[in-house]
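Values in this text are rule-based calculations from the coordinates and carry no lab data. Here the structure is a predicted model, which means the values were calculated and not measured. Note: ideal-geometry Cβ built from the backbone for every residue, glycine included; neighbour counts use all protein chains shown.
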């Protein structure tokens, strides 16, 4: 029975939409272009949710130290 | 100086497929079924609900670096014993 590791699941999510919840109350939703061992991520066509305010960003490098949860294929709800 | 064993003191393998409640730094809490984990304590959880809002997140990767604690046999809220 193959179990999928966390980084393996993240690798599978490359090129699809991911929903990221930060340590504080911010959330990001974007297309995952890549990531590294520290969970720093490159995202495209990003929607940032910050205190109820939505911002659109074309391409960002998201700092992995604050990333709490990653939902592959998810969207901000 | 005694050499400490290189094994992890946390035995997560026995909690696979069980529901756990995780607390993160910053105050987030989620509950979900543990599917897998790695050496840095990053987790894959299924059927995840955020607490206390009960917002459904689904299949989720949790970053081990921000985990404060997890509860294995559930949590029960009690009255504040310090008042």
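Give A:21, A:10, A:5, A:62 a once-over and let me know the one that is under 19 Å from residue B:38 (Cα atoms), in contact (Cβ under 8 Å) with a residue 24 or more places away in the chain and touching a strand residue (DSSP E or B) at 6+ places or on another chain (Cβ under 8 Å).
Values: A:21 fails: under 19 Å from residue B:38 (Cα atoms); A:5 fails: in contact (Cβ under 8 Å) with a residue 24 or more places away in the chain; A:62 fails: under 19 Å from residue B:38 (Cα atoms).
The match here is A:10.
Rundown of residues vs (1) outside any loop (DSSP other than H, G, I, E, B); (2) away from every other protein chain (no Cβ under 14 Å); (3) buried (at least 20 other Cβ atoms within 10 Å of the Cβ), yes/no style:
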residue: A:31; (1), (2), (3): yes, yes, no
residue: A:39; (1), (2), (3): no, no, yes
residue: A:43; (1), (2), (3): yes, yes, yes
residue: A:47; (1), (2), (3): yes, yes, no
residue: A:56; (1), (2), (3): yes, yes, no
residue: A:60; (1), (2), (3): yes, yes, no
residue: A:65; (1), (2), (3): yes, no, no
residue: A:71; (1), (2), (3): yes, no, yes
residue: A:77; (1), (2), (3): no, no, no
_Quick check on my filter: what residues within segment B:14-31 are surrounded by fewer than 19 Cβ atoms within 10 Å (Cβ to Cβ) and under 14 Å from residue A:68 (Cα atoms)?_
B:23, B:25, B:26, B:27, B:29
*asked:* Just to be sure I understand, how many residues within segment A:1-24 are facing chain B (nearest Cβ under 7 Å), closer than 12 Å to residue A:35 by Cβ and either exposed (fewer than 15 other Cβ atoms within 10 Å of the Cβ) or within 11 Å of the chain's Cα centre (by Cα) (or both)?
replied: 1
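Of all the residues that make up segment B:16-31, how many are assigned to a strand (DSSP E or B) and either touching a helix residue (DSSP H, G or I) at 6+ places or on another chain (Cβ under 6 Å) or facing another protein chain (nearest Cβ under 9 Å) (or both)?
Going through segment B:16-31 one residue at a time, the tally reaches 2.
State yes or no: is residue B:13 more than 8 Å from chain A (Cβ to nearest Cβ), out of contact with any strand residue (DSSP E or B) (no Cβ under 6 Å at 6 or more places or on another chain), closer than 17 Å to residue A:3 by Cα and part of a loop (DSSP other than H, G, I, E, B)?
no
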